[in-house]
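Everything below concerns the one structure shown next.
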Amino acid sequence: MTEPRLPPLYQGDLDPAQQAMWDALTAGGRGAKALREEGYLNGPFNVLLRSPEVGEAAGRLGELLRFSTDLSQRHRELVIVTVAAHWRASYAWLRHVEYARQGGVPEAVLSAIAAGAAPVLDDPVDHAVHAVVASLLATGAVPDDVYAEAVRLLGVQPVVELVALAGYYCVCSFVLNTFRVALPVGADTPWTGEGTSR
């Protein structure tokens, strides 16, 4: 596994702006889950501490998109794991595949997404959500028929939210992959034959 490009920052290392970001993340909806067991910020946020204004804004947006939208947990996590698998962002996948299971995303769907295959989605809303995200990842746009079906089944506001969520996790994936954020303790990359921290 490739070494992370930035070392952990612990509370004793922080300047006031970084401490404000740390406090905002750990006091919000993530709570204690914002911290790794080693005592520093989870996921992309140890990296984003190097730009605390950006990191705090990213934290607020991520909290809003994960905890305060009209999307169900099932659909939020379907979006997130689809993006994580596309970008081979191992940390995001490993964190969110468990939330996806808890939200009721079937194991066969998760296996297909992890393998880069089109999942069989029997539920029409699941299919619409995945189709929007898959289209965005493939072309950066959503065809008229895919858009119309998503709006019909979900409504405009949830479609706005799922597009924003997909974009947010693209940013997270880029941070995780660029800076080679360490995987959770004891975890291996889920992508067969890839020995990096991505």
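Within region 153-172, residues that are over 27 Å from residue 47 (Cβ atoms) and in contact (Cβ under 8 Å) with a residue 40 or more places away in the chain sit with their Cβ atoms under 9 Å from residues that are polar (S, T, N, Q) and open to solvent by less than 50 Å² (accessible area, probe 1.4 Å), at 6+ positions apart or across chains, in these pairs: 157/69; 158/69.
Only a single criterion out of (1) more than 25 Å from residue 158 (Cα to Cα); (2) among the hydrophobic types (A, V, I, L, M, F, W, C); (3) at pLDDT 95 or above; (4) surrounded by 15 or more Cβ atoms within 10 Å (Cβ to Cβ) is not satisfied by residue 17, namely (4). Considering region 161-178 alone, what residues qualify as being within 11 Å of the chain's Cα centre (by Cα) and within 16 Å of residue 142 (Cβ to Cβ)? Of everything in region 161-178, those that are within 11 Å of the chain's Cα centre (by Cα) and within 16 Å of residue 142 (Cβ to Cβ) turn out to be 165, 166, 167, 170. Every condition in (1) without any contact (Cβ under 8 Å) to a residue 60 or more places away in the chain; (2) surrounded by fewer than 15 Cβ atoms within 10 Å (Cβ to Cβ) is met by residue 38 except one, and the failing one is (1).
Just for region 20-50: of the residues that are among the basic types (Lys, Arg) and modelled with pLDDT under 95, which one is farthest from residue 63 (Cα to Cα)? Here the residue is 36. Here residue 93 clears all of (1) of a type in the set (A, V, I, L, M, F, W, C); (2) more than 15 Å from residue 166 (Cα to Cα); (3) out of contact with any strand residue (DSSP E or B) (no Cβ under 7 Å at 6 or more places or on another chain) except the condition numbered (2). Does residue 151 satisfy the condition of being assigned to a helix (DSSP H, G or I), of a type outside the set (Ser, Thr, Tyr), at negative phi and modelled with pLDDT of 95 or more? Taking the combined requirement at face value, the residue satisfies it.
The values are calculated or read from the model by the stated rules, or taken from the named source; none is laboratory data. Computed from a predicted structure; not experimentally measured. We place every Cβ from the backbone using ideal geometry, glycine too, and count neighbours over all the protein chains shown. The accessibility values were calculated without ligands, DNA or RNA, using every heavy atom of the protein model including side chains. Shrake-Rupley method; radii C 1.70, N 1.55, O 1.52, S 1.80 Å.
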